[in-house]
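*Asks:* Sharing a structure below in structure tokens format, with a few things to ask.
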């Protein structure tokens, strides 16, 4: 077990505190906006298919920008990317507040997706740069807990603001938070934060770097896991569960409250996951968390009452919290400071696959077969993915670090 005094000293560093606060406010904004987007689009007249297309646009923007911006932060430094990403998130919030046509959301979702990456991906890479490997699991537990608190509060706040002042009021509040977050990074990080690094790996061409990373079986396993986790959360829970619950009579405020409870459960699981990660193999922690989330996806449509939804979403939240901490710790360990942005970018690109391609496909299924069928499709796909991940982990006996010349 890492020395507690050293951990406290690490957590008190100005850069760590500022980045944790930045991540809290980033997820506060995402929590305010994301759970309301499908209902906002529906209120503007979007069909279920268009709702799926909009979610796909968000995911595709995250996918494409993850591969580019993570590597860019390795070459250009992290601080400027963080400030630009949060400014873009604030612009997206402003445009959401001004939008009156559902098809205009295609562009805004693309901007919002890019801002996810420039804010979250680069900040997580920077945190991994700051701390030693022996305390990284615990620090990621703290960091992801801050993120979960932000999303949980944002989910509740978004529903309350929407009920009181409409969607525009919620989105303008998100804009104000973005302005504060930019100031936190500007004032909280030294000018040299995340300065450019060089190594043999980041001297390769972009495609060869991707190839080197994907030759590492632990990165592949983590990427497959995050595809599954985000297929369930982003592809199903965020996009279609609000419509399913609303169809059974639950209000927007009720949906937002369920998301807040779900995220609170996820948040409470993250620090224990960080502690477990210092004692247990984190890759098997990832596996069991995903298995629990898969079971929730399959069982959720059997319930038509908020109490059942609350329990099941809490279980999915716990699973997501366990996976989030274990996955980030695993990926961070596979790189060094000179190429960590690129490695985390590949991981985040994989996370967006479930958000990118699934919602359009699931939207078509929902239009033709009903929303309930979407839960079984996602559960079946997730189960196949978990089986593949388990097979990969069983076959893996040697963990190779990217950037060591192997």
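The values are calculated or read from the model by the stated rules, or taken from the named source; none is laboratory data. Predicted model, so just to flag it, every value in this text is computed and none were measured. All Cβ positions, glycine included, derive from the backbone under ideal geometry; neighbour counts span all protein chains shown.
*Asks:* Could you run through the range 98-112 and say how many residues are in contact with a helix residue (DSSP H, G or I) (Cβ under 9 Å, 6 or more places away or on another chain) and either buried (at least 17 other Cβ atoms within 10 Å of the Cβ) or not in a helix (DSSP H, G or I) (or both)?
*Replies:* Result for the range 98-112: 8.
*Asks:* Pick from 178, 146: which is within 23 Å of the chain's Cα centre (by Cα), modelled with pLDDT of 90 or more and buried (at least 17 other Cβ atoms within 10 Å of the Cβ)?
*Replies:* The match here is 178.
*Asks:* Here is a follow-up. In this structure, does residue 14 turn out to be surrounded by fewer than 21 Cβ atoms within 10 Å (Cβ to Cβ), out of contact with any helix residue (DSSP H, G or I) (no Cβ under 7 Å at 6 or more places or on another chain) and farther than 19 Å from residue 110 by Cβ?
*Replies:* When the stated conditions are applied, residue 14 does not pass them.
*Asks:* Residues that are crowded, with 23+ Cβ neighbours inside 10 Å, modelled with pLDDT under 90 and either within 26 Å of residue 343 (Cα to Cα) or touching a strand residue (DSSP E or B) at 6+ places or on another chain (Cβ under 9 Å) (or both): does the range 192-201 have at least one?
*Replies:* Yes - at least one qualifying residue is present in the range 192-201.
*Asks:* Among the residues of the range 279-301, how many are under 17 Å from residue 377 (Cβ atoms), touching a helix residue (DSSP H, G or I) at 6+ places or on another chain (Cβ under 6 Å) and surrounded by fewer than 21 Cβ atoms within 10 Å (Cβ to Cβ)?
*Replies:* 2
*Asks:* Taking the criterion of being within 15 Å of the chain's Cα centre (by Cα) and assigned to a helix (DSSP H, G or I), would at least one residue in the range 331-339 satisfy it?
*Replies:* Within the range 331-339, one or more residues are within 15 Å of the chain's Cα centre (by Cα) and assigned to a helix (DSSP H, G or I).
*Asks:* Tell me which residues, restricted to the range 128-137, are surrounded by fewer than 24 Cβ atoms within 10 Å (Cβ to Cβ) and in a helix (DSSP H, G or I).
*Replies:* 129, 130, 133, 134, 135, 136
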